[in-house]
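The numbers here are math on the coordinates, done by the rules we state, and not lab data. Please read these numbers as outputs of a predicted model, since none were measured by experiment. Backbone-built Cβ (ideal geometry, glycine too); neighbour counts: all protein chains shown.
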């Protein structure tokens with residue numbers, strides 16, 4: 001009886017695509033299905049991008065397989081951008097948490113001082129109008145610190161060394177403040193964020209795309225997202241975590 005070769009041998013059926021670029025079918029496709037699941041980490045996403053790119057570079061690739069691979073590569077590229085932004089979101093949220101907190105605290109203290117000055121009824125109209133204008137500016141600043149997206153480097157309202165602030169940075173800050181003011185006038189942001197509930201604040205943070213677009217334009221970059229300008233789910237999660245920290249401040 002002839003001996004059979006017991007040595008292990010490789011099979012293309014263990015790969016998502018065979019040498020012709022066609023997707024394997026049958027029971028042995030379980031590994032393939034798992035390998036094509038959307039990656040949840042940046043490293044896994046980069047690996048899939050490399051794998052698909054290598055497959056696309058093969059000669060004699062079937063046209064149907066090429067179309068499917070190109071579609072897959074496009075989706076992976078978008079997801080890679082989202083995951084990259086997510087990492088930046090988390091890093092910025094951690095990096096700028098303290099400065100945002102202290103600036104919110106400073107603005108809140110200044111608002112309380114203005115409110116106290118507005119209490120007496122005998123204040124003359126000119127002084128009252130001036131105080132109301134100052135209060136409005138402070139409310140703009142408060143919304144600025146709360147809803148400034150984590151996708152971008154935070155531009156401080158009160159830099160430690162004002163003399164070191166460049167004209168370009170000052171212009172960017174005022175552009176964003178103007179966007180916040182307009183959003184408050186349109187009702188997209190609260191006129192006084194101290195008056196809204198925690199849940200309302202979270203809902204506003206998740207939905208205020210205008211703020212993301214405004215800061216994106218100022219920083220001359222766009223956030224990669226499958227929804228063309230909408231924050232990714234990870235970005236929203238990062239913002240939600242920041243809101244939880246803010247709740248301690250407003251409590």
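What to note about this one:
- Subtracting the Cα-Cα distance of residue 137 and residue 90 from 0.36 nm times their residue separation leaves 14.0 nm of extension gain.
- Contact order relative to length of the stretch 63-165, as percent, for alpha carbon pairs under 8 angstrom and 6 or more apart: 40 percent
- Using R0 = 45 Å, the C-beta based FRET efficiency linking residue 129 and residue 99 works out to 0.90.
- Highest-first packing order for the peptide set 139-151, 64-76 is 139-151, 64-76, based on the mean count of other beta carbon atoms within 10 Å.
- With R₀ set to 51 Å, the beta-carbon distance separating residue 203 from residue 64 gives a calculated FRET efficiency near 0.70.
- Additional length obtainable on full extension of the chain from residue 119 to residue 44, 0.36 nm per residue less Cα span: 21.1 nm
- Between the stretch 146-198 and the stretch 65-79, the Cα center-to-center distance that results, in Å: 38 Å
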